[in-house]
Amino acid sequence: MSKKVAETHDLRLTLELEQIDGLFSPEAEINIFRIVQESLNNIVAHAAATEAQVLIKRNAQHVEVKIQDNGKGFAPGATPDTGTTRRGFGLIGMAERARLLGSDYQITSLPGQGTTMTLTINLENGRP
């Protein structure tokens, strides 16, 4: 999916993906995929970014998914498309999926400095 987004939009995308296939239940895999998908959709639709990075790292304690861009960013508490403090449905959906995963979810952004979405899924004994 990431490669298709980069090919169809003017976006230089860097991928650093560690192997996590089979680590999660099918339901959890879908939630992770949808969070990544929505993050990339937000970059394409709202960020006006020229570069983005998708990082998936795993250690014994957690899996971290980080997606960042060099786009226009947005003020804390504002949605990228409206500039208001009302959250968009995409961000709400991402937060809900993160909650279902029992993970830590954070979006950091500042106007003119891009946006970073970080999802940290805690593991017990190497499993979620």
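No lab work stands behind these numbers, since they all come straight from the coordinates. For clarity, every value in this text was computed on a predicted model and none was experimentally measured. Cβ atoms come from the backbone with ideal geometry, glycine included; neighbour counts cover every protein chain shown.
State, as an integer percentage, the relative contact order of the chain based on alpha-carbon contacts under 8 Å between residues 6 or more apart.
26 percent
Would you work out the charge dipole size for segment 2-122 about its Cα centre, treating the Cβ of every Lys and Arg as +1 and the Cβ of every Asp and Glu as -1, and quote it to the nearest 20 debye?
Once rounded to the nearest 20, the dipole reads 240 debye.
Could you state the orientation-averaged shadow area of the convex hull built on the Cα atoms of the chain, in nm² to one decimal?
Mean shadow area of the hull around the Cα atoms is 7.3 nm².
If each of I92 and E27 carries a label point 7 Å out from its Cα toward its Cβ, how far apart are those two points in nm?
The two pseudo-label positions are separated by 2.2 nm.
Sum -39500 (n - 2.57) across every DSSP H segment of at least 4 residues in the chain, then divide by the residue count to get the 222 nm mean residue ellipticity, nearest 500. Show your work: numbers first, answer last.
Working: 3 runs with 37 residues, N = 128.
When only DSSP H runs of four or more count, the value is -9000 deg cm²/dmol.
Between the helical axis of 26-42 and the dominant principal axis of the chain, each derived from Cα atoms, what acute angle in degrees is found, rounded to the nearest 10?
20 degrees
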